[in-house]
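Data first, discussion second: the structure below is written as structure tokens.
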Amino acid sequence: MNLVYMLGMLASGLALFLFGLQLLTGALKAIAGARLQTVLGGLTANRFRGLLAGAGITALLNSSTITTVLMVGFVSAGLMTLGQTVPMIMGANIGSTFTAQIIAFDVSALTPFMLAGGFMFYAFAGKDLLRQLGAVVLGLGLLFLGIQFMGDATRPLRTFQPFIDAMQNMKNPLLGILVGAIFTAVVQSSAATLGIIIALASQGLMPLEAGIAMILGTNIGTCGTALLAAIGKSAEALQVGVVHLLFNVFGVLMLVFIIPQYADFIRYISPSAPELEGVARLAAETPRQVANAHTMFSVVSTLILIWFAGPIAKLAQLIAPAAPPDDTKRAGDPIYLDDTFLVVPSMAQQRVQMELTRLGKQVLDIVRKGAPVAVGGTIEDIADLLEQNQEADRLATAIFLYIGRLSRTEHSENQGRQLIDLTQVVSGLDGIRDVVTTNLTSLSQQRLTEGIDLARLRDENTVRFGDTVIGNLEQAMETIGQPEAEKSAQVVAAKSEIEALAVAARNSILERLKLDDKSDVLSFRLASDIIAQFREVAHFTRMIARTTQNLQPMVEPNEQDQNQNQNQNQDQDQDQDQAA
């Protein structure tokens, strides 16, 4: 037995498996990104919908770790409560069994065709969807190729008695759980651990009892990533990681003392090969038995523990108590820009739109305050406006930086175009802020220096012009979060009305001034400049509206669902599930 060659083959097989898993997961994220928003939009009605949502998202993403980390991000951003995440985390454990069922198939004869066909589509397809589908097939081919490499590497161990004895010792549940947990925590992939278990089982080297013990260990080891993701975030986010850990630990405790009986049950319900004997029979039967054991464990433990979702959440809150409210958070601090979401670019993009909606409200408030400051504000009013602009500038900078990090992740061509559009929206909002806080404040300071009274020139025409510009901006801000082609078209079409109102406002001012002294001339110039600056605000508003037509609508839990879920959190510990 060549130990160096065997270790090399085992390591290369694991590398192929992990790379294939990464390729598969990335492609599934790109394909399922938009669907994730739909799933999340309706997950809060009751615990069973949350359970199905968690299972569905995990199956789509091919990773329970990603699902749990996303839950950490949602809670950290205040988009979900801890009670909402508990059923989803339980569902994620069911969804994660999808990978084990796939890799338990013996498709060695199809692997070369999957690799060749998947690569052809991935490398040469013109449409992005076909490229991603090619990546899915190529990733699956690499998964199966990695399994074959690891199986070939371990084949000599069939006759190596020390290893056979070690596998028999793995029937000791504590040892199997420990090995499975440590290895899963190190590679941060329960699928990789399951791949090795199935590879060993395919050579007849892994008894089912030992495989079950290691599966229990993988469920505990996979909690490490979520706990790491919660570091530095709110106590509520840490509670999500604790819920994940508690749920898996309780599930393990339910099964650890009856592993032999459970193994007999799995053998009874799984396909058998009675025509074979010894190692050959183990190699034929055990891979599917391992996958079935994993699926059955996840389903049964979830169906039992889902009725205790409330107590589990309360225990997590006792272990990781919430900190006192942070009153130091400023308007310029981002709320939704969490790097956790970068693992799913489509969802990270949604967080950018949510933060842009916040920025849009701040800019709208600056414009509303800018008009009276320009016409009759004091030095203190100007200082307050500039201070508010500093906070908006901090938020805009944070959004730009987040978009930069998002652009460096793997994303589709359409997502890349949307990132450009989001950048243009930020630039448009920056342009509006500059008009108000640079140009209008400069005109206001000039007015104060010269002692000009512009308030006397306010009339129906000037008020109507200002209100129309601000109303147009309000309508454009609504299209950032919920893009509507009709509403954007209305904003753009308002150009002629605004131009006509600007002329009417200027003529009205001119009619009220005699222009027979320096004061009147300065008043007319200042008033005309203020009108020109508001026309510039309208120009940036139209630019934003044209850009938002290309964005995807945001999907987030609505207010009714939030209220439903608050009631659910109070009643979770009751046996009867209550849909709000």
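Quick check: residue separation of Ile379 and Ala493 times 0.36 nm, minus the Cα distance between them. What number comes out in nm?
My answer for the length gained is 37.4 nm.
What FRET efficiency, computed as 1/(1 + (r/R0)^6) with R0 = 25 Å and r the Cβ-Cβ distance, is obtained for Arg464 and Gln549, rounded to the nearest 0.05?
On the way: r = 28 Å, r/R0 = 1.10.
Once rounded, the FRET efficiency stands at 0.35.
If you project the alpha carbons of the chain onto their three principal axes, what span does each projection cover, largest first, in Å?
Between the extreme Cα coordinates on each principal axis of the chain lie 112, 55, 38 Å.
Charges on Cβ only, +1 for Lys and Arg, -1 for Asp and Glu, centred on the Cα centroid of the chain; of Ile220, Val107, Gln482, which one is farthest towards the dipole's positive end?
Val107
For the pair Thr357 and Gln446, what calculated FRET efficiency results from E = 1/(1 + (r/R0)^6), where r is the Cβ-Cβ distance and R0 = 30 Å, to the nearest 0.05? Could the numbers behind the result be given before it?
Values: r = 34 Å, r/R0 = 1.14.
My answer for the efficiency is 0.30.
Report the gain in length on full extension from Ser407 to Lys518: 0.36 nm times residue separation, minus Cα-Cα distance, nm rounded to one decimal.
So the chain would gain 34.5 nm between Ser407 and Lys518.
Quick one: dipole size for region 406-461, taken about the Cα centre, charges +1 on Lys/Arg Cβ and -1 on Asp/Glu Cβ, in debye to the nearest 20. Numbers along the way, then the final one.
Values: 6 positive and 9 negative charges, 24 e Å.
With Lys and Arg at +1 and Asp and Glu at -1, about 120 debye.
With all protein chains present, calculate the accessible area of Leu142 using a 1.4 Å probe and round the result to the nearest 10 Å².
20
Residues of the chain: accessible area per residue at 1.4 Å, in Å²?
Working: 25300 Å² over 580 residues.
Heavy-atom SASA per residue in the chain reads 44 Å².
Would you calculate the separation in nanometres between label points at Ile304 and Ala166, each defined as 7 Å from the Cα along the Cα-to-beta-carbon direction?
Simple spin-label model gives 3.2 nm for this pair.
So how do Lys361, Lys369, Lys487 rank on accessible area, 1.4 Å probe, biggest first, that is with the largest at the start?
These residues rank, largest area first, as Lys361, Lys369, Lys487.
How much accessible area does Val137 have with a 1.4 Å probe, in Å² rounded to the nearest 10?
About 60 Å², ignoring ligands and nucleic acids.
Run the quick spin-label model on Phe119 and Asp434: label points 7 Å from Cα toward the beta carbon, then report their separation in nm to one decimal.
Going by the 7 Å Cα→Cβ label model, 5.0 nm.
If R0 is 25 Å, what FRET efficiency do you get for Ile258 and Leu315 from their C-beta distance, rounded to 0.05? Display every interim value, and only then the final one.
Values: r = 24 Å, r/R0 = 0.96.
Step by step, r from the Cβ atoms, then E = 0.55.
Once you sort the root eigenvalues of the Cα gyration tensor of region 426-527 as a ≥ b ≥ c, which label holds: rounded (a/c under 1.5), prolate (a/b larger than b/c) or oblate (the other case)?
Numbers: a/c = 3.49, a/b = 1.78, b/c = 1.97.
Oblate, because a/c is 1.5 or more while a/b does not exceed b/c.
Quote the charge dipole size of the chain about the Cα centre in Debye, to the nearest 20; the model charges only the Cβ of Lys and Arg (+1) and of Asp and Glu (-1). Let's see the in-between values first.
Details: 40 positive and 52 negative charges, 241 e Å.
Result for the chain is approximately 1160 debye, rounded to the nearest 20.
Once fully extended, how much extra length lies between Ser427 and Asn414, figured as 0.36 nm per residue of separation less the alpha-carbon to alpha-carbon distance?
Details: separation 13, 0.36 × 13 = 4.68 nm, distance 2.01 nm.
Gain in length upon complete extension: 2.7 nm.
Positive end of the charge dipole of the chain (Lys, Arg +1 and Asp, Glu -1 on Cβ, about the Cα centre): tell me which of Val72, Leu178, Gly146 has its Cα farthest that way.
After comparing all options, I get Gly146.
Evaluate the Kirkwood expression for the hydrodynamic radius of region 370-447, namely the inverse of the mean inverse distance over all pairs of different C-alpha atoms, and round to one decimal in Å. Please list the in-between numbers first.
Working: mean 1/r = 0.0707 Å⁻¹.
Computed over region 370-447, the radius equals 14.1 Å.
Using a probe of 1.4 angstrom, how much of the accessible area of the chain is carbon and sulfur, in percent?
Values: 15140 of 25300 Å².
That share works out to 60 percent.
Mean Kyte-Doolittle of at least 1.0 and a Cα length of 24 Å or more along the axis: which whole DSSP H helices of the chain meet both? Each step should come with its number before you reach the end.
Numbers: long enough: 3-41 (53 Å, 1.47); 128-154 (39 Å, 1.23); 235-255 (30 Å, 1.74); 278-305 (38 Å, 0.64); 345-376 (46 Å, -0.07); 379-407 (42 Å, 0.11); 413-434 (32 Å, -0.50); 460-481 (33 Å, -0.21); 495-512 (26 Å, -0.03); 518-548 (45 Å, 0.11).
Membrane-span-like by this criterion, though nothing is claimed about a membrane: 3-41, 128-154, 235-255.
Given the rule -39500 (n - 2.57) for each run of at least 4 DSSP H residues, summed and divided by the residues of the chain, what is its mean residue ellipticity at 222 nm, to the nearest 500 deg cm²/dmol?
On the way: 25 runs with 444 residues, N = 580.
Using -39500 (n - 2.57) per qualifying helix, the result is -26000 deg cm²/dmol.
The values are calculated or read from the model by the stated rules, or taken from the named source; none is laboratory data. Since the structure is predicted, the reported quantities are computational estimates derived from the model, not experimental observations. Every residue, glycine as well, gets a Cβ built from its backbone with ideal geometry; the counts of neighbours run over all protein chains shown. Please note that ligands, DNA and RNA were not included when accessible areas were found on the heavy atoms of the full protein model with its side chains. Shrake-Rupley method; radii C 1.70, N 1.55, O 1.52, S 1.80 Å.
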